[in-house]
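Below is one structure, written out as structure tokens, with a few remarks after it.
FYI, it's all coordinate maths here, none of it is from the lab. The structure presented is a predicted model; accordingly, all values stated were derived computationally and were not measured. Don't worry about glycine lacking a Cβ; one is built from the backbone with ideal geometry, like all the others, and counts go over all protein chains shown.
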Amino acid sequence: MEFDWSVIVDATPALLGGARLTVLITLVGLAGGLAVGFVAGLMRAYGGRFLSALAFTYIELIRGTPIVVQVMFIYFALPVLADIRVNPMTAAMTAIIVNAGAYIAEIVRGSFLSVHKGLKEAGLAMGLPMWKVLLYIIGPVAFRRMIPPLGNQFIVSLKDTSLFIVIGVGELTRQGQEIMAANFRAVEIWTAVAILYLLMTGTLTLILRITEKRMRML
Amino acid sequence: MSLVKLSKVTKTFGTVVVLQEVDLSIEAGEVVVLVGPSGSGKSTLLRCINALEPINGGDLIVDNISVRAGRSQIRAIRQEAGMVFQQFNLFPQMTALQNVAFGPRHVRGAGKAEALAQAQALLAKVGLAERGHHYPSELSGGQQQRVAIARALAVKPKLMLFDEPTSALDPELRHEVLQVMKSLAEEGMTMIVVTHEMAFAREVGTRLIFMEDGKISVDGDPASLLSNPDNQRLREFLQHVH
Ligand SMILES: Nc1ncnc2c1ncn2[C@@H]1O[C@H](COP(=O)(O)OP(=O)(O)OP(=O)(O)O)[C@@H](O)[C@H]1O
Ligand SMILES: [Mg+2]
């Protein structure tokens, strides 16, 4: 068969629209996921028995179930259980926040605990409260160690948005699916979709590389 | 009134008793050299004075505050008892100058300009006026330890605790650190120093304490104890470190 470039040209506006939603879900999801992950990770590492157990339960619940099940739960089960009605976009963003949050929590916990305990002691020994030790001393060292695993998680989450096809969010994969259903040009459409994903993950990787280079690893 | 007063201080880790009803009073201006075999509880004693380790029995008063008081009291104790570690523990993301300025800024509430000026003066005092912009990884061990001393001094403590400050250093770098400690003692700083440097103990120390199995077994004048150790175990210990 012939690779028909005109198919791609025609599909471009719709695909770009889908890609825009993918980026939006990813950005909101990761911003929220970072916030949730920092809180849950610090609870795991430094919270008392209760806070740590709470965070542990959340992390294990999320890591132990597929993200498709999580988003289906948010979209279809929550309205039944709690009378909370959400639109597909909100469900998609929430799913990324909750899902990435759990993995990021483990990254945060691991990198904070990997910092040599002498630094914490040096901070405490001069009379700092624990929150200042975490914020000014351990945090900046831990943060540098987080960048590579965080980058990994960002890419995973970006690609996970394609699974939200199951609740009908018009993100990139869904757009590709719809166009293909109309014109049956599988090769052109899925090639274009794949390239758009590569462009997005490539940009992410580039940003992370630059951030990593700018910071001296400690 | 003693600056540091331990009354029957007991410290345990699980079932292991590390400090056994230790009694000790230290007055302002004393330079106490603490020696003893590995595992005798020297580090633990220092860490209890700084409240890094909670005590299990007895009482420990530093500058009229008990380590058994609440959190803010404990922070007050720590500000008065500067600590210098064997492994330096400088903050790696900060330059030497930032390390030293950190305490005044975040513990004593000094302004930025004031903290940096103080820090620069302290670096000059430990002979590192030109090294302020270097990161810890760019300094030798001896230089790092001198920055660590300056960092502890910056908080303006009444008492300095040193836990084997020269043990991680090559012999040729020890001298510069000991020299800084000596001039600190000459200025009248109260110090408790865990060390194997017997020359330092003899020259600078005003008091020598020998610990064994979580107890103080010898406590006296360094010069006379070192030239004529009448305790059998201390004599054996000194033969090992020489
Ligand atoms: N955090 C801890 N948990 C359990 N046991 C500990 C802990 N810290 C110290 N110990 C134990 O307490 C005892 C005294 O330790 P400490 O570090 O005070 O000895 P030290 O006199 O400083 O020895 P060294 O000369 O080797 O530094 C040792 O038996 C040690 O194993
Ligand atoms: Mg020790």
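Considering only the other residues whose Cβ falls under 14 Å of the Cβ of residue B:8, what net charge follows from Lys and Arg at +1 and Asp and Glu at -1? Could you put the intermediate results ahead of the total?
Details: positive: B:5, B:11, B:68, B:215; negative: B:21, B:23, B:59.
Here the charged neighbours net out to +1.
Could you list B:83, A:89, A:130, B:160 in order of exposure, starting from the residue whose Cβ has the fewest other Cβ atoms within 10 Å?
Ascending number of Cβ neighbours within 10 Å: A:130, A:89, B:160, B:83.
Using the alpha-carbon centroid of each, what span in Å lies between region B:184-242 and region A:12-27?
Using only Cα atoms, the two centres lie 73 Å from each other.
Let me test this: with uniform point scatterers at the alpha carbons of the protein assembly as shown, what is the Debye-based log₁₀ I(q)/I(0) at q = 0.06, 0.13 1/Å?
Here log10 of I(q) over I(0) equals -0.41, -1.12.
Please report, largest first and rounded to whole Å, the three semi-axes of the ellipsoid equivalent to chain A, where each semi-axis is the square root of five times an eigenvalue of the C-alpha gyration tensor.
39, 22, 11
Counting other Cβ atoms within 10 Å, which GluC sites (Glu not before Pro) in region B:163-242 have at most 16 and lie in a DSSP loop?
Qualifying residues, ordered by number: B:187.
Please work out the Cα convex hull volume for chain B and give it in Å³ per residue. Spell out each step's value before the answer.
Working: hull volume 30.6 nm³, N = 242.
It comes to 126 Å³ per residue, whole-number rounded.
Would you mind checking B:158/B:182; A:120/B:156; A:132/B:5 for any pair whose Cα atoms are more than 22 angstrom apart? Kindly include the intermediate steps, with their values, before the conclusion.
Numbers: B:158/B:182 16 Å; A:120/B:156 20 Å; A:132/B:5 29 Å.
Violating the 22 Å Cα-Cα cut-off are A:132/B:5.
Please list, in chain and number order, the residues 5+ apart from residue B:3 or on another chain whose amide H is under 5 Å from its amide H, with Hs placed from the backbone.
B:26, B:27, B:28
For chain A, return all DSSP H helices satisfying: extent of Cα atoms along own axis at least 24 Å; mean Kyte-Doolittle hydropathy at least 0.5. Walk me through the numbers before you get to the answer.
Values: long enough: A:5-46 (57 Å, 1.43); A:88-113 (37 Å, 1.16); A:139-160 (29 Å, 0.20); A:186-214 (42 Å, 1.05).
TM-like helix candidates: A:5-46, A:88-113, A:186-214.
Which Cα, out of A:98, A:166, A:130, lies furthest along the positive dipole direction of region A:22-214 (beta carbon charges, K/R +1, D/E -1)?
So the residue we want is A:130.
So what J values fall out for region B:142-154 if you push phi through Karplus, 6.51 cos²θ - 1.76 cosθ + 1.60 with θ = phi - 60°, rounded to Hz, Gly and Pro as x?
x, 5, 4, 5, 5, 4, 4, 5, 4, 4, 5, 5, 4
For region B:4-241, what is the charge dipole size about the Cα centre, in debye to the nearest 20, if Lys and Arg each add +1 at the Cβ and Asp and Glu each add -1 at the Cβ?
860 debye
Loop sites only, by DSSP: take the chymotrypsin sites (Phe, Trp or Tyr not before Pro) in chain A that have at most 14 other C-beta atoms within 10 Å and name the longest stretch containing none of them.
A:4-183
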